[in-house]
Each structure stands twice: as C-alpha cells, then as structure tokens.
There are 2 protein chains.
Amino acid sequence: MIEPKLLKGFRDYTPEIMLPKKDIIRKLENIFEKFGFVPIDTPALEYTEILLGKAGGETEKQVYRFNDHGGRDVSLRFDLTVPLARFVSQHYNELSFPFKRYHIAPVWRGENTQKGRYREFSQCDFDILGALSIESDIEILLLIKEGMLSIEAGDFKININNRKILNSILSKEGLLDKSTDILRAIDKIYKIGIDSVLKELTESAGIKKEKAEKVLELLNLKNEQKEISGDDIFIQLEKLKTELGNDESILHLEEIFLVLKKMNIMKYYSYNPAITRGLDYYTGIVFETFVLDEKNFGSVCSGGRYDNLVGLYSKNIVSGIGASFGLDRLLSLLETKNLIEKKSSNTALIIFNLEPELKAEYFKLAQTFRSHNIKTEIYLENKKTVNQFKYAEKKDIGFILFAGKDEFEKEKFNLKNIKDGTETNSISIDEIIKIIKK
Amino acid sequence: MIEPKLLKGFRDYTPEIMLPKKDIIRKLENIFEKFGFVPIDTPALEYTEILLGKAGGETEKQVYRFNDHGGRDVSLRFDLTVPLARFVSQHYNELSFPFKRYHIAPVWRGENTQKGRYREFSQCDFDILGALSIESDIEILLLIKEGMLSIEAGDFKININNRKILNSILSKEGLLDKSTDILRAIDKIYKIGIDSVLKELTESAGIKKEKAEKVLELLNLKNEQKEISGDDIFIQLEKLKTELGNDESILHLEEIFLVLKKMNIMKYYSYNPAITRGLDYYTGIVFETFVLDEKNFGSVCSGGRYDNLVGLYSKNIVSGIGASFGLDRLLSLLETKNLIEKKSSNTALIIFNLEPELKAEYFKLAQTFRSHNIKTEIYLENKKTVNQFKYAEKKDIGFILFAGKDEFEKEKFNLKNIKDGTETNSISIDEIIKIIKK
C-alpha cells in the first residue's frame, strides 16, 4: 500500500474551499465579460528559453524545469504575464487591438513554503494591450471597482499613483541617477517609517538631506497619512504643478481623478504616492487595492501600465495596462471576516429514499425540482432514515422531502426545514418550490 | 529576440475557442450542481509513486516525470482518476458518502501527437463514490442525459451494457478462463466485424465454434444492429433469463431500463452488448454516448462501475460509478456540425469614442448598460471612426452607440445594428436596452 500524501507546498481543494473559490471566479468572469474582456488559455508547459527569457535570480531558482521525452528543456509557467507576451507575439496578426483579455489559471513556483503560500496557486490576470490611452487606464480602474463590489469583501480603496511623477520630481531636483535607490527606499516607507527612509536616502544613497526632504515633502510622504482622498487629491496635484509646471504625468493623474469624480465614484479611489510596485517594467500609473478593515492582508488587486510587453519575442511594440486579483488572498480574507459560508454543497433539497420500488417516482420528482432550478438530490441508497439524515446534515442541505406511496398518489408531500426543524406536511410541489425559493 | 513558439502537442486557446469551451463547461457545471455534485481540485504535480502506483506500460512512458528542487521524484497527473483515489483515501474521514464529486482540469500525456490529439487536454470527470446502489447507476445515466441535452449537440443515445452479463454467460458455457480473450475480441467487433471476431475466438483463443457462436448469439452480436432500443430491450433480457436463469446482472440491467421507461426517457438510452470499455477496473454497468449523426466521433461520454477505487492507498473499500465528458471531442463535434458561433467576443454593444472630453459620460453610459446585464465596451482610443468600426466588426459586436454632446444633453442616442446595417436615431436608453435584449 502507498501512503496517500501530497508534495510539500501543494494542497487539495475540498468542496468546502472549492465552492467559494469557484464563486469568486464566476463573479469576476461575469464582470470581465461585461466589460468585453475575453478569456484565453496557454499551456502549462513551455520551452524554458521562452519562460525564462528575461527572468533571472529568484525566478530561475524557483521554476519547475526538466527535460521532456524529446529532450526539450521545458518548464512549468511561473506567471501568466510571460505566456501572455509570447501569446500576443505569436498571434499578433489574428488579434484585434486594443486586445482585452483575462486569464485565470494555475502557476507553479518552487518557493520556500510559508504559511498561506503554496507552490501551486491560481492567478487571475486581466490586461488591455495595444492602447496607450487614458481611457484604458480608467477602464482597468473601473473594472477593479466592479470586481471588488461583486466579491463583497467589505469597503475597499484602490490606491493609485503615477510613477512618472516621481521621475519628474527627481529630474527637477537633479536626482534622476539615484532613482533606483530612491524608489527602493520609498517602497519600504510603510514598513520602516519616514525617519529610516530619510536616513537611507542621505546615508546610503548619499543624497543631501535638504533635497531628500524636498522629494518626500512633494510626495506627501512626510505625513502620517500618505493616502490622499477626495478633493484633497486635486489640491495636492495643484501643489505639484506649482512646483513642476504642467507636467504630463500630473495632468494624466488629474484627468483620471476628474473622470472618477464626474462619475461620482471617488470614494473607491485614492492617490497614494507611496505606492511604487517593485517590478521594473511598470512605467505609468500603478495601483494597489486594500480592504479597509483588513489592510494587513496587503493588496488584493494590483497592477499598472507598462511600455512594451513583447520586446523579447517580437519587433512590434505592444504597450498595455494590466492587473491581477489575488484569488487566494481574497479567499482567506473572506474567510477571516466570516463572509464565507463554509458548506460542503449547494444542494437545496434532498428527497429521502424510503421505498425501493418508488425509484422512478423519486427521480421524476427530483427532475421536476431541478427543472425549476432547485439543486436537488435523492439519497442514493436504501438505508435507515438516520443515515439519510446524517448525510443531509453533513452536506448542509436545507430541506428534506419525505414521500411514500400515499404521498405520490395524493401528490402532496412532507417537507422538513433542517435548519429550524419545522415540518410542513401534505403540500403540493408548487408550494414546496415556493418555500425553498424563499 | 526569442522566437515565440509552442511545444509540439500543445496549443493556445484563443478567445474564439475559449469562449465555446467555457460555455460547455458552464453548462455541465450547472448540471452537476443541480444533481448535488460538488467540485474538487487536486495538484497538477504529485509524487510519481502515487500517480504511477498501478499504472505501467504506455502510461509510464507517457507521463511527464522529473526530480524537483528537493530531489523528489514527481510527475504531472495523466488523468483525474488516480488523484481522486489518492484524495478519497487521504480525506476519507472528512468526506460524507455517497461522495458525489466533479473535477474539470487539465492532464498531461506525452503521447505521439496525432491530428486532434494534444499532450495537454482537459478532462471532465464525475463520480459517485461509496454507494453500490442501483440508484447511483441511474443517477449517473440521468446526469449524462441532462448534460447532453444542455450541450445541444443533436440527438444522442447512451449505450449501456453490464459486463457481468458476459461473465454469467461465460460461466454457464464454461469459458470463464477465456474471458480476457473474449472481451478483447468483442471490443473490436465494430472495427473488424463478426466473422473476424468469430475467427479470433476459434483460432486464436481456441474456443469451439459452436460455443463461440452461442456466446455471440446470446449477446445479440450476430445481428447487423447490435444496439437494442425500446421494448426490444426487455425481450432480449427475457431471452437471456431463459438461458441463464434469474441472474443478478440481468435483473440489475432490467431494473435500470424499467425505471428509465417509467420516467418516459427510454429514447435516450439503448442496451448495447458490444460496449465493453477496455479498462480492467470496470466491474458492473458500462456505457458510451454517441451523437447519432456523428457516430464516427466516438463516444462523447463514457464510464462505468468499479468495485474499489482506493485499494492502492487505503484499507477501506470504496466502490463507485463514474463517467467523463470528452470536452475536446464535444467541442470539435459542435464545430463540425456548425453549432458553434465562432466569435471573438460576447460583447453586445460598443460605445464609440467620438469626443475626448466626454470620457466620463461614455463610461457612465456603459455602466448603465452593464447594470442591465448588457456586455458593453467603450472604444478605448480617440481614433478615426473607421478604426473603431473595424474593431467592432472584428470583435463581432452587435450594436454601436454614437453619442456626442448633443445626444447626452437630450439623452437620446443613435444606435446601429452592425449585422443588418440598420440605424435607429435619437432613442432613449430604455429603448436601446429593449432593442439589444431582443
């Protein structure tokens, strides 16, 4: 006998986890399609050369890589961005741009396992490719809002920044050559605090204290509250304009917020100059999304604009903007907030199996309820009622229908509500449907 | 630059293929849940020892196997049955039996590639575990019918057999020791014909001609039409009873058909003694499903009953019955029959981007349509109308809405039906919703 066990860092999805996961995915897919985003899928296995083309360091160490039967050097995908770049390069002539796609699929990374982190996990990416417009930036921001509303994880805020503003400030202050150091320091501000950031800028990066303070001041990072909301956003942007002139990056952010204001949805958004997103390849707006009463979970939907996705595989230039919902993080956040009903099924009604010769009647009855969109089971064995009860309870089924010969003759049945224990006897199918649908 | 290409035997799913694939999956998931089946998922990667435990020969050659970072011997799953067996053994005490699960996920096999066969493909399995009852056999047969009806691939027939009937016949004729040879020969009857089967039985297997003919006669295999439908089924089963007595396997099949008859759904089923299913592990009823005008596609949903799933990993005995929809096969069958509308999106309406200063208005308008469940896009760039048109056509969008300042002031808009070219000018949002929903 072989001991049934899983690889370290991998997990099974039992129905109790799979049902809410599928629920989130369906809600998001519904929003994606309402916005005209279309699904794609790519292989889990690709040539290592393609997947690792640009990557190095950590990624290279984490990727699952091996030689296949044909001696090809292959790897399991570690994200959905590299496959998207390969996909767009390869199908460039078939696609219509702006190409708005979503992709929900597992990826694999042989990371050191920590609590809540797995070596196989689902990503949920959506991107608009081939459009440099402000409209596509706004569309992504609207889609995140709709997605978050549909998931119902509680009040949230989408924190927006434009990385180019920092560049403009640095350019004006003659600090462009220090931009990497400065970006890295700012990225840590929530963790280490303003004083440590300042220390890092002056001591490690060798920036004059006065200049460093000026930069942090312009970015509103010296305040306790780095996030700016409502009309204060426009005041802050005016301040930046006074300093930097009509800089394109400021005007861009201002126009985004003006549209959001006109749409009366400013409460879902804020301007947060401390959001930088580590990744090199973001070049314009960047954003992170926080559920307000569970900020410690980190961002549940992040992304930004990039100048060119496909440089590695194609001479074309495909700019874009994209984001990713953190499915697993959202799932555990909902769990923590007790917003997930842990159920082992969605079954609404079970018909008890009381008399073996009534099989056809039971199945016909089930069919009737199913045709009314009621999820219905028949207990599949002729066991004692107590066993059937136990099954119904364990599967979190709402109602039990009892029927013997008499009931079928009279077409009146007995219904029990498992949760509150009430029984309603001798009622018609229509009445049962009404009660269950309530 | 790296050439963007796929591994041999792998493919991308562009939106044109992904949309109908998702459509089939959603329809089947809907049916599974209506019957109270719950979803599970298991890792793509498992210990090779677990995945290959019982397998050998072809499977072992085809599996993607390698050593991971920790030096573990791991493999990509090649089906969903072995992971199910491992899952049920490992979670035995948490599960409520009968356990009705479905699992839709990719599997990988390094097969020699042929037309229409891929090394990565989706399986769609559903099983009832831990119930030996005839009710579970019937439930699976009903579920297949509902699944096929929801997919709308055309008239179909679910061909049922019980492998035990053959055993009973062989037992009576004293041929039990030849059962493997006989099963193998019968399995080929559609391919090689009755004469060759007879030849194989007499010459290779060394069975007396008279006995061989008797077996084939009892199994109705000497007729051109091996499949038996309607009341002829009961006549055939009576004939078998006369020969074999009240054999349990015959009574079992008879009861199944009696229930189907009582339910008035006999037209979806037939008794086909030529259906054997190659796999060793089936022990009771077996079935295959054919779309009547495309039988050459082979079975689109097959399965059967097995005595014990978990023997390799557990001392428990878990019998079950299961089946699998052939997603890729169904997809190409629908394609062949022109039953799939090849579309690059499901978008119903596109709002043209005519005046840059109306961004907020366009997005608000889109939001209104989306809240009425109309899939709506805004053209995301301020380009010439001809470009916006091209995009709408390429994405197979049904309607275009034109609006400038005047239209927003009057709250009356212009709508164009792309397919028939008709335009309706100066109509309200409500009228537009009505037209699109028609």
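Once the Cα-Cα distance is subtracted from the 0.36 nm per residue extended length, the A:His372 to A:Asp181 segment shows a gain of 62.5 nm. Once both labels are positioned 7 Å from their Cα atoms along Cα-to-Cβ, the gap between B:Glu341 and A:Phe408 label points is 4.2 nm.
Rounded to whole Å, give me the distance from the Cα center of the stretch B:91-118 to that of the stretch A:334-383. Using only Cα atoms, the two centres lie 24 Å from each other. Enclosing the Cα atoms of the stretch A:1-83 in their convex hull gives a volume equal to 166 cubic angstrom per residue. Neighbours of A:Glu152, meaning other residues whose beta-carbon lies under 11 angstrom from its beta-carbon, give a summed charge of 0 when Lys and Arg score +1 and Asp and Glu score -1.
Summed over qualifying helices (DSSP H, 4 residues or more, each -39500 (n - 2.57)) and divided by its residue number, chain A shows a 222 nm mean residue ellipticity of -12000 deg cm²/dmol.
Can you tell me the convex hull volume per residue for the stretch B:21-137, based on C-alpha atoms, in Å³ to the nearest whole number?
Roughly 144 Å³ of hull volume per residue.
Past 29 Å, Cα to Cα: identify those pairs from A:Lys412/B:Lys164; B:Lys359/B:Lys416; B:Lys5/B:Lys295, in the order given. A:Lys412/B:Lys164; B:Lys5/B:Lys295, as the Cα separations exceed 29 Å there. Label-to-label distance, A:Glu210 versus B:Asp155, with points set 7 angstrom from Cα along the beta-carbon direction: 9.2 nm.
Among the chymotrypsin sites (Phe, Trp or Tyr not before Pro) found in the stretch A:278-310, those both in a DSSP coil and sparsely packed, with 15 or fewer other Cβ atoms within 10 Å of their Cβ, are A:Tyr281. For the stretch B:165-255, the dipole from Cβ point charges (+1 on Lys and Arg, -1 on Asp and Glu) about the Cα centre works out to 440 debye, to the nearest 20. Considering only B:Ile158, B:Ser133, B:Ser171, the residue lying farthest towards the positive end of the dipole of the stretch B:132-184 is B:Ser171, judged by Cα position with unit charges set on Cβ.
If the viscosity is 0.692 mPa s and the temperature 37 °C, what translational diffusion coefficient in µm²/s does Stokes-Einstein give for the protein assembly as shown when Rh comes from Kirkwood over Cα pairs?
Answer from the Stokes-Einstein relation: 107 µm²/s.
With only the Cα atoms considered, the stretch B:369-422 has a convex hull volume of 105 Å³ per residue.
Normalised Debye scattering of the stretch A:321-372 at q = 0.17, 0.22, 0.25 Å⁻¹ gives log10 I(q)/I(0) of -0.70, -0.86, -0.99, counting only Cα atoms as equal scatterers and leaving out solvent. Of all the options A:Lys21, A:Lys410, A:Lys178, the one that moves most in a Gaussian network model of chain A with Cα springs shorter than 10 angstrom is A:Lys410.
Sequence-distant contacts, meaning Cα pairs under 8 Å at least 6 residues apart, place the relative contact order of the stretch A:105-252 at 18 percent. With the Cα gyration tensor of the stretch B:119-176 giving a ≥ b ≥ c as the square roots of its eigenvalues, does the rule (a/c under 1.5 for rounded; else a/b larger than b/c for prolate; else oblate) give rounded, prolate or oblate? It comes out prolate by the Cα gyration axes. Placing unit charges on the Cβ atoms only, positive for Lys and Arg and negative for Asp and Glu, gives the protein assembly as shown a dipole magnitude near 400 debye about its Cα centre.
With R₀ set to 45 Å, the beta-carbon distance separating B:Asn93 from A:Glu243 gives a calculated FRET efficiency near 0.10. Summary for A:Ser229: label point 7 Å along Cα→Cβ; distances to the equivalent points in the other copies, ascending, 6.7 nm. Taking only Cα atoms and a 10 Å spring cutoff, compute GNM fluctuations for chain B and point out the largest among B:Gly154, B:Gly230, B:Gly206. With Cα springs under 10 Å in chain B, the top fluctuation among B:Gly154, B:Gly230, B:Gly206 is at B:Gly206.
As a length-normalised measure over Cα pairs under 8 Å and 6 or more apart, the relative contact order of chain B settles at 15 percent. Each copy carries a label point for B:His91 at 7 Å from Cα along the beta-carbon vector; from one copy to the others these points are 3.2 nm apart, nearest first. Closest approach of a chain A beta carbon to the axis mapping chain A onto chain B (residue, whole Å): A:Phe66, 2.
Shape of chain B from the C-alpha gyration tensor: prolate (a/c of 1.5 or more and a/b above b/c, with a ≥ b ≥ c the square roots of its eigenvalues).
Is the shape of the stretch B:279-370 best called rounded, prolate or oblate, per the rule: a/c under 1.5 gives rounded, else a/b larger than b/c gives prolate, else oblate, with a ≥ b ≥ c the square roots of the Cα gyration tensor eigenvalues?
Judged from the Cα gyration tensor, the stretch B:279-370 comes out oblate (a/c at least 1.5, b/c at or above a/b).
This model, with +1 at the C-beta of Lys and Arg and -1 at the C-beta of Asp and Glu, gives chain A a dipole about its Cα centre of some 660 debye.
Projected over all directions and averaged, the alpha-carbon convex hull of the stretch B:288-337 occupies 4.2 nm².
Between B:Asp231 and B:His69, the simple spin-label model (points 7 angstrom out along Cα→Cβ) gives 7.0 nm. So for chain A, taking the charge dipole from beta-carbon charges (+1 Lys/Arg, -1 Asp/Glu), which of A:Thr385, A:Gly57, A:Gln225 sits furthest toward the positive end? The Cα lying farthest towards the positive end belongs to A:Thr385.
None of the figures in this text is laboratory data; all of them are computed from the coordinates on show. Given the structure is predicted, the values throughout are model-derived calculations rather than measurements. Note: ideal-geometry Cβ built from the backbone for every residue, glycine included; neighbour counts use all protein chains shown.
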